[in-house]
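K.L.:
Input: one structure, supplied below.
Throughout, read-outs are computed from the coordinates displayed, never taken from laboratory work. These numbers come from a predicted model, not from an experiment. Neighbour counts run over all protein chains shown; Cβ positions are idealised from the backbone, glycine included.
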Amino acid sequence: MIQNPQSTTLTDHVQSIIQSIPSEEIIQKPVRRHDLDWLRVILFALLIWFHYSAFSLGQIEGSAWDLPLFFVIGVMHQWRLAALFLISGMGTAFALKRRNGRTYLKERATRLGIPLLFGVYILFLGIFEPISSTIRLFTIFPGSEEMPYGHLWFIYNLLIYSVILSPIFLMVKNKPDGIIMRGVRGLLNIPFGLGILLAPPLILAANAILFKPWRFGEVGMWWEFTRYMLYFLFGYLLISAKENYFTVLDRIRIPLTIMVPIFSITWFIINESSEVPRIMEGGWVQRGYPAFSRIAIIASIVQSFHAWSWCMLIFSWASKLLNRPSSSLVYLNEAVYPTYVVHMHLTFLPIAIFGAIGLNYYIGMVLGTIIVTSGVMICFEIIRRTRFARPLFGIRGGKDQVNTIWPFNEIKKPELRIGFSIVMHFVAFGMVIGLLLFLIISGFIGEL
């Protein structure tokens with residue numbers, strides 16, 4: 001077979017150029033962990049059910065048959081948000097691979113800050129008290145009753161964590177074999193997975209023992225602020241360890257499957273029988289109990305190991321079962337952020353209505369969850385088709401992305417596209433008004 005000399009020369013020339021480029025400068029296709037995306041979708045879907053169930057507990061009559069419900073809600077509350085902060089830390093590691101520090105912080109300010117400000121001043125009506133809302137926005141730990149951002153405290157904390165921890169993140173990125181990552185890999189390589197099973201929960205337990213006695217931990221404030229920041233940091237460090245992390249997940253999957261139910265039962269017994277009321281929530285010094293006692297230390301340790309073990313359990317099974325692409329996953333993953341932003345405005349009205357008519361709690365829980373889930377998906381379908389609403393609800397992209405969605409992708413005439421775009425913006429405006437009305441009416445019914 002006769003080869004073309006020019007072709008051979010060109011191939012050799014290209015290969016020599018590639019070999020002359022430092023490996024760190026070769027742009028690689030980003031690695032996508034589909035299991036993390038699936039977990040993110042599943043956890044935010046559970047958030048809708050959790051919030052509806054928890055905020056409607058006042059309508060329950062109360063009997064021994066309700067014990068499983070309280071067990072599930074109580075246990076889930078221990079690890080659900082922790083897992084989401086872990087995923088956020090892992091997502092940050094992936095994002096920083098393709099960005100420098102300035103670009104990363106600029107994107108965080110945009111992606112988190114715009115929905116946060118929109119929530120404070122529009123969705124929670126802060127525009128009518130701009131000075132008060134702004135003061136409370138910049139108040140450290142204002143308390144759940146004074147938060148101007150409501151349930152959006154999650155992205156409020158994420159924004160702060162992203163800024164505070166960025167020096168560590170950049171250090172790890174610039175020195176992947178530095179002292180920090182050598183320490184993380186050393187822990188992950190400890191036999192039987194003991195490093196990942198012991199070191200993080202012990203750090204979390206130290207945080208709880210030192211900070212939990214003084215103030216009640218609520219919605220990411222006081223001792224929970226540092227707790228969730230640690231989860232965010234752990235997520236970044238674990239995913240930065242790459243295969244060391246996923247290898248140890250495989251090793252601990254079965255042991256955790258056996259251990260976690262034991263941790264949950266132990267946690268529940270201590271929480272319900274402790275002589276210190278609400279010991280898992282903190283703030284018992286204000287109720288007249290000593291800051292440090294045997295039961296307080298034991299409870300803090302059990303709580304930390306329980307939450308961390310749950311996180312590692314679901315991450316280990318997700319890595320085995322869910323790390324595969326799906327067109328549905330792409331759609332659902334885009335829906336997570338906007339549905340999170342709007343879901344609380346849709347939650348309280350069915351709770352108020354079902355409570356007013358005396359509907360059975362469990363029937364109301366099922367119907368309410370279906371109603372809220374349907375409502376948030378309708379809102380998502382409106383938002384994703386509205387160019388200027390997308391950033392307000394945390395969706396990336398603008399005109400080009402909207403034009404790929406039906407019916408924009410079927411409309412050929414530019415003037416028709418513009419006309420339909422104007423219509424969708426009016427629909428989005430009406431949707432926001434509707435969300436505010438839902439919130440106001442639910443409050444009115446609740447006061448009756």
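K.L.:
Please find, in a Gaussian network model of the chain (springs between Cα atoms separated by less than 10 Å), the residue of V41, V432, V423 whose mean-square fluctuation is greatest.
P.N.:
Looking only at V41, V432, V423, the largest GNM fluctuation is found for V423.
K.L.:
Still on this model: Can you give me the Cα centroid spacing of segment 132-164 and segment 396-433 in angstrom?
P.N.:
Result: 32 Å between the Cα centres.
K.L.:
For K412, go through the aspartates and glutamates and keep the ones whose alpha-carbon is under 20 Å away, minus same-chain ones fewer than eight residues off.
P.N.:
Output for K412: D400.
K.L.:
Where does each of K320, K412 land when they are ranked from fewest to most other beta-carbon atoms within 10 angstrom? Let's see the in-between values first.
P.N.:
Details: K320 13, K412 7.
Starting with the residue having the fewest Cβ neighbours, the order is K412, K320.
K.L.:
Considering the options V427, N323, M221, tell which one lies farthest towards the positive end of the dipole of the chain, charges being +1 on Lys and Arg and -1 on Asp and Glu at the Cβ, about the Cα centre.
P.N.:
Final value for the positive-end residue is N323.
K.L.:
Are any of the pairs K106/K399; K106/K242; K212/K320 more than 32 Å apart by Cα-Cα distance, and if so, which?
P.N.:
Numbers: K106/K399 21 Å; K106/K242 26 Å; K212/K320 35 Å.
Correct reply: K212/K320.
K.L.:
Name the most mobile residue of E129, E218, E281, meaning the one with the largest mean-square fluctuation, in a Gaussian network model of the chain with Cα contacts below 10 Å.
P.N.:
E129
K.L.:
Take M280, M312, M431 and order them by how many other Cβ atoms sit within 10 Å, fewest up front. Could you put the intermediate results ahead of the total?
P.N.:
Values: M280 22, M312 27, M431 17.
Listing M280, M312, M431 from fewest to most nearby Cβ atoms yields M431, M280, M312.
K.L.:
Using a Gaussian network model of the chain whose springs link C-alpha atoms within less than 10 Å, name the residue from F354, F128, F234 with the highest mean-square fluctuation.
P.N.:
Highest fluctuation among the options: F128.
K.L.:
Relative contact order, percent, of the chain when contacts are C-alpha pairs under 8 Å separated by at least 6 residues?
P.N.:
Details: 446 pairs, mean separation 100.3, N = 448.
Dividing the mean separation by the residue count of the chain yields 22 percent.
K.L.:
Please list the helices of the chain that count as membrane-span-like by this rule: a mean Kyte-Doolittle hydropathy of at least 0.5 together with Cα atoms stretching 18 Å or more along the helix axis, each helix being a complete DSSP H run.
P.N.:
On the way: long enough: 5-20 (22 Å, -0.39); 34-55 (31 Å, 1.02); 67-97 (46 Å, 1.36); 101-118 (25 Å, -0.09); 194-211 (25 Å, 2.18); 223-240 (26 Å, 0.85); 243-273 (42 Å, 0.72); 294-321 (40 Å, 1.06); 327-357 (41 Å, 1.11); 361-383 (32 Å, 1.87); 414-447 (50 Å, 1.71).
Long hydrophobic helices here: 34-55, 67-97, 194-211, 223-240, 243-273, 294-321, 327-357, 361-383, 414-447.
K.L.:
May I ask you to sort S293, S132, S63 by Cβ crowding, counting other Cβ atoms within 10 Å and putting the fewest first? Don't jump to the answer; show the numbers that get you there.
P.N.:
Values: S293 15, S132 12, S63 7.
Final ranking by Cβ density, sparse to dense: S63, S132, S293.
K.L.:
Here's a follow-up. Given (1) 29.5; (2) 20.6; (3) 24.1, which label gives mean projected area of the Cα convex hull in nm² as computed from the coordinates?
P.N.:
So the structure-derived entry is (1).
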